[in-house]
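Okay, so here's the structure we're looking at.
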Amino acid sequence: MNGLVVAYRVLAFLVGVLLAFGCLVALPLKYFATEGGSLQTFGEDASRIIFTAHGFIFIVYVVVSFFLARKARWTIAFTILALAAGLIPLLIFWVEHRVMEKLRVEHPELVGMAHSQA
């Protein structure tokens, strides 16, 4: 499998997990847990760490996605969808699946022989 595709998949997974955990676990604990309690403190600390990590990894994800989009000659609309997917919780998992389907059909040489037969 092409290194760019592997990097895209790993980064998409990391961005998706961080954003999902941050939005679905850390933020609710931060804002809805008992004021001053350990769960609220955990939510505050976790959200700060998670969203900082998400921000840095998201920047790398955007760069890698852009290079993959250029190499695969995606349309502008599909490229924007792939680039913005890391900003909406859980959307990136669906987009990553669509990207891999699109690559398997249009550019099997980027995906590799073992994955094009699956």
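The values are calculated or read from the model by the stated rules, or taken from the named source; none is laboratory data. Because the structure is predicted, anything quoted here is derived from the model rather than measured. All Cβ positions, even for glycine, are placed from backbone atoms using ideal geometry, and neighbour counts span all protein chains on display. Note: accessible area is taken over every heavy atom of the protein model, side chains too, but ligands, DNA and RNA are not part of it. Shrake-Rupley method; radii C 1.70, N 1.55, O 1.52, S 1.80 Å.
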*Filter the range 1-24 down to residues that are within 30 Å of GLN40 (Cα to Cα) and among the aromatic types (Phe, Trp, Tyr) and give me whichever is farthest from the chain's Cα centre (by Cα).*
PHE21
_Meets criteria (without any contact (Cβ under 8 Å) to a residue 24 or more places away in the chain and open to solvent by 20 Å² or more (accessible area, probe 1.4 Å)) for PRO108_ = yes
*Confirm whether PHE67 is under 26 Å from PRO28 (Cα atoms), open to solvent by 70 Å² or more (accessible area, probe 1.4 Å), touching a residue at least 40 places away in the same chain (Cβ under 8 Å) and assigned to a helix (DSSP H, G or I).*
no
*Sort through ILE76, ILE88 and tell me the only one that's under 15 Å from the mean Cα position of the chain (by Cα) and more than 18 Å from ARG9 (Cβ to Cβ).*
ILE88
_Residues that are open to solvent by 20 Å² or more (accessible area, probe 1.4 Å), part of a helix (DSSP H, G or I) and in contact (Cβ under 8 Å) with a residue 60 or more places away in the chain, drawn from the range 1-23_ = LEU4, ARG9, PHE13, CYS23
*asked:* If I ask for residues that are assigned to a helix (DSSP H, G or I), open to solvent by 60 Å² or more (accessible area, probe 1.4 Å) and farther than 23 Å from ILE92 by Cα, which ones from the range 24-40 would you list?
replied: TYR31, PHE32, SER38, LEU39
*asked:* Looking at TRP94, TRP74, can you tell me which residue is on the phi < 0 side of the Ramachandran plot, in contact (Cβ under 8 Å) with a residue 12 or more places away in the chain and of a type outside the set (Asp, Glu)?
replied: TRP74
_Can you report the number of residues in the range 24-64 which are among the hydrophobic types (A, V, I, L, M, F, W, C) and touching a residue at least 40 places away in the same chain (Cβ under 8 Å)?_
5
*Selected residue (criterion: nearest to ASN2 (Cα to Cα)) from residues of the range 42-62 that are touching a helix residue (DSSP H, G or I) at 6+ places or on another chain (Cβ under 9 Å) and open to solvent by 60 Å² or more (accessible area, probe 1.4 Å)*: VAL60
